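Would you mind keeping the following structure in view while I ask a few things?
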Amino acid sequence: MKKKRDTVVAENTNLREFTALSVILGVLLAILFGAANAYLGLRVGLTISASIPAAVISMGIVRIILKRDSILENNIVQTIGSAGESLAAGAIFTLPAAFLWETEWNTPGHISFVNIFLLALIGGILGVVFMIPLRRALIVKEDGILPYPEGTACAEVLKSGEEGGAKASTVFKALGVSAVYKFFSSGLKIFPEGINFDINTKVFAGTAFGMDALPALMGVGYIVGPQISAFMLSGGILAWFVLMPLLNLIGGPEISSLSPSEVWGSYIRYIGAGAVATGGIISLIKSLPVILSSFKDSMASLKNRENKKNAGRLDTDLPFIASLVLIVISVILIFLLPSVPVGILGAILIVVFGFFFATVSSRMVGIIGSSNNPVSGMAIATLLISTLILKASGIVGHHGMLAAISIGTIICIIAAIAGDASQDLKTGFIVGSTPKLQQIAELIGVCVSAIVIGGVLWLLNTTWGFGSSELPAPQATLMKLIIEGVMDGNLPWNLVIVGVFIAIMAELVGVSVLPFAIGLYLPLATSSGIMVGGIVRLIVDKLKNRDPKEKEDATTSGTLFSAGLIAGEGLMGIILAIFALIPAKGKTLADVIDLSKTHQFSQIFTIIIYALLAVLLLFVIFKNFTKKVKK
């Protein structure tokens with residue numbers, strides 16, 4: 001006898017779910033969070049989950065403004081909205097490498113919008129389709145075993161719909177504050193976006209201290225917490241206050257004549273690349289027992305699944321034939337794409353390889369959450385294998401490098417989307433959504449985001465350029481170095497190997513190696529800006545004599561405000577990029593509004609403004625406590 005499930009919305013309940021409103025609102029949020037996360041990932045090398053922010057914004061609009069009451073509509077909105085963030089995360093970790101090569105090789109137009117769209121679309125569709133047969137194996141059969149932390153948390157947010165107005169207001173207020181902050185600092189440029197002090201004393205020379213005072217970094221620091229922030233900062237300290245002064249001391253005039261930023265770009269970046277690559281591979285190796293057992297269990301569940309001919313609303317997936325058609329179309333597209341010269345057999349192998357990583361990713365986010373999912377490790381492993389195979393088969397040079405990054409892009413997006421889809425389906429499982437409608441919603445989010453991501457990448461690259469101080473694109477730069485190293489053998493391998501052993505040392509002493517390695521790879525200014533948010537979170541976590549529910553609510557308020565800070569800066573960053581392309585009075589609109597030559601304040605003002613932003617974040621959190629006390 002079929003066991004009855006306890007869901008928020010019963011199987012025979014007729015509530016609005018897949019409506020024009022939910023689709024339109026979800027698409028808008030997919031564009032918003034996709035663009036914001038693309039900017040954030042290119043700036044910092046990290047992205048944030050958009051499920052909970054999308055859910056609270058949806059509740060604020062659907063329930064409070066439009067007076068509609070449907071938890072299922074809100075779930076469709078967050079399903080579509082979160083797809084934009086996940087696809088952006090997969091794309092920005094790899095595709096900017098192609099833009100960097102385009103500049104180096106002086107081949108403008110080599111990476112086309114259509115090519116980006118197809119790569120993103122293929123990866124996104126396969127990520128969703130592969131999760132369809134896995135839903136019963138991972139979400140239904142292992143309910144109570146796999147916690148799916150983000151999916152469960154999002155379900156709790158949706159269930160507390162009566163608080164949606166206040167929570168959505170928190171996100172929107174933060175978004176506005178962050179956008180205004182970004183407009184004054186990066187648009188009008190009346191105060192610097194960060195601080196920087198070169199250190200060149202007799203006893204300690206050859207380095208600098210800096211901090212990027214950006215709202216998004218504070219939001220990231222709060223969300224990842226004090227420990228991860230500290231790991232990142234410790235990697236930056238090792239790079240800037242140990243390795244760089246040491247190089248200055250023993251490197252002779254050749255190094256001592258360089259500025260700190262030049263030393264970082266010429267030497268430290270390669271050490272950091274070795275550390276990040278090793279960190280990703282270590283994360284993957286540590287997960288191998290779970291990966292292999294998960295794949296085995298998932299395949300066994302698929303073989304032994306029950307007959308679903310009479311399945312009800314809560315257990316109805318997209319038809320198998322529809323999934324099969326989408327897979328066949330994807331294989332044909334891969335085969336036809338000139339940037340992926342692998343032939344029909346190679347296209348099938350990419351799909352098989354992608355299904356393996358989709359299974360791995362879907363199960364792993366169920367155990368450790370999306371934030372800890374080693375997608376970068378999977379991407380690195382894919383790039384190493386595919387580059388070696390391409391080189392062995394004679395596909396080398398520019399053509400081989402673009403082929404490797406294209407394959408890596410597809411696999412990376414598959415893993416990211418499969419992980420996101422599994423979290424969304426877990427949310428739907430708890431609240432009582434229709435799986436088939438969620439899967440359609442995920443496909444809509446993927447298609448819209450695939451269209452948008454190409455334009456966003458082109459816009460940001462045209463305005464600032466990938467690899468610049470504004471958009472260092474750390475993950476993509478690392479992928480680029482790996483492919484070039486395998487293809488040409490022209491990397492300074494001694495520095496890369498130093499990074500490898502630094503990462504191994506960090507792992508041996510119990511440090512979380514991947515955030516530590518990212519901190520070593522990124523400029524110190526980025527890690528120090530993130531640490532400010534981590535300190536705010538530390539203050540909240542250390543609160544004494546508070547009811548656990550109050551602390552949880554306050555932490556959630558801080559998380560939502562932080563998500564708004566990230567989204568606001570990302571959105572304004574996109575708007576300012578558009579300003580830089582609009583002609584005005586013989587210049588661009590960005591040049592016209594630039595007031596830096598006449599009205600710019602000093603770095604001290606930047607420190608004060610950033611400190612006030614941290615105080616505002618704390619105020620939002622403590623305000624939640626005040627409300628509880630009054631009640």
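Mind checking the full-extension length gain between I24 and S393? Use 0.36 nm per residue of separation minus the Cα-Cα distance, one decimal, nm.
128.2 nm
Taking a probe of 1.4 Å, how large is the accessible area per residue of the chain, in Å²?
Normalised by residue count, the accessible surface of the chain is 40 Å².
Which residues make up the longest stretch of the chain that has no GluC sites (Glu not before Pro) in a DSSP loop with at most 13 other Cβ atoms within 10 Å?
307-631
Please list log₁₀ I(q)/I(0) at q = 0.11 Å⁻¹ for the range 203-288, using the Debye equation with identical point scatterers on the alpha-carbon positions.
Cα-only, vacuum Debye calculation for the range 203-288: -0.41.
Moving to a separate point now. For the chain, what does the helix formula give at 222 nm: sum of -39500 (n - 2.57) over DSSP H segments with n ≥ 4, over the residue count, nearest 500 deg cm²/dmol? If you can, show how the numbers build up before the last one.
Details: 26 runs with 444 residues, N = 631.
So the calculated ellipticity at 222 nm is -23500 deg cm²/dmol.
Sorted from largest down, give the three principal axis spans of the alpha carbons of the range 28-121, whole angstrom values.
The Cα atoms of the range 28-121 stretch 55, 26, 17 Å along their principal axes.
Quick one: ranking T556, T103, T94 by accessible area, 1.4 Å probe, largest first, what do you get? Intermediate results must be reported in sequence, preceding the final value.
Values: T556 40, T103 105, T94 0 Å².
Order by accessible area, largest first: T103, T556, T94.
Accessible area, 1.4 Å probe, largest first: how do F241, F231 sort?
The residues order as F241, F231, largest area first.
Kindly provide log₁₀ I(q)/I(0) values, in the same order as q = 0.09 Å⁻¹, from the Debye equation applied to equal alpha-carbon scatterers of the chain.
Listed by q, the Debye log ratios stand at -0.71.
Give the relative contact order (percent, whole number) for the chain; include only Cα pairs under 8 Å separated by 6+ residues.
Once normalised by length, the contact order is 33 percent.
Which residue, I145, A205, G564, has the largest displacement toward the positive end of the dipole of the chain when charges sit on each Cβ (Lys, Arg +1; Asp, Glu -1)?
Going by the charge dipole, the pick is I145.
Next question, about the same structure. Could you check how much of the accessible area of the chain is carbon and sulfur, as a whole percent, using a 1.4 Å probe?
67
Can you list the residues, at least 5 places off or on another chain, whose amide H is less than 5 Å from the amide H of A213, using H built in the peptide plane?
Here the answer is G194, I195, since their amide H atoms fall under 5 Å of that of A213.
Roughly what would the spin-label model give for F204 and S259, points 7 Å off Cα along C-beta, in nm?
2.2
Calculate one ³J(HN,Hα) per residue across the range 482-488 by plugging θ = phi - 60° into the Karplus curve 6.51 cos²θ - 1.76 cosθ + 1.60, and present them in order as whole Hz with x for glycine and proline.
5, 5, 4, x, 6, 5, 9
Return, ordered by residue number, the residues of the range 256-271 whose backbone nitrogen is under 16 Å from a label point located 7 Å along Cα→Cβ of L246.
Within reach of a label on L246: 264, 267-271.
Can you compute 3J(HN,Hα) from phi for each residue in the range 412-419, using the Karplus curve 6.51 cos²θ - 1.76 cosθ + 1.60 with θ = phi - 60°, rounded to whole Hz and x for Gly and Pro?
4, 5, 4, 5, 5, 5, 4, x
Roll a 1.4 Å probe over the protein heavy atoms and report the accessible area of L336 in Å², nearest 10.
Answer for L336: close to 120 Å² accessible.
Considering only protein heavy atoms, what is the solvent-accessible area of V114 at a probe of 1.4 Å, reported in Å² to the nearest 10?
Probe radius 1.4 Å; accessible area of V114 about 90 Å².
Divide, for the range 448-542, the radius of gyration over alpha carbons by 2.2 N^0.38 Å, where N is the residue count.
1.39
OK, next. If you take the charge dipole of the chain about its Cα centre, with +1 on Lys and Arg Cβ and -1 on Asp and Glu Cβ, which of N75, T588, I575 is farthest toward its positive end?
The residue sitting most towards the positive pole is N75.
Please report, in debye to the nearest 20, how large the charge dipole of the chain is about its Cα centre when each Lys and Arg carries +1 at its beta carbon and each Asp and Glu carries -1 there.
It comes to approximately 1600 debye.
Moving on to the next point. Within the range 229-250, whose backbone N sits under 19 Å from a point 7 Å along Cα→Cβ of V509?
229-247
Ignoring ligands, DNA and RNA, how do L345, L478, L333 rank by accessible area with a 1.4 Å probe, largest first?
These residues rank, largest area first, as L345, L333, L478.
For L175, what accessible area in Å² do you get when you roll a 1.4 Å probe over the heavy atoms of the protein chains, rounding to the nearest 10?
30
Okay, moving on. For labels at F601 and I578 in the simple 7 Å Cα→Cβ model, what's the distance in nm?
That separation, rounded to one decimal, is 2.8 nm.
The values are calculated or read from the model by the stated rules, or taken from the named source; none is laboratory data. What you see is a predicted model, and the numbers here were worked out from it, not measured in a lab. For neighbour counting, all protein chains shown are included, and Cβ atoms are generated from backbone atoms with ideal geometry for every residue, glycine included. Please note that ligands, DNA and RNA were not included when accessible areas were found on the heavy atoms of the full protein model with its side chains. Shrake-Rupley method; radii C 1.70, N 1.55, O 1.52, S 1.80 Å.
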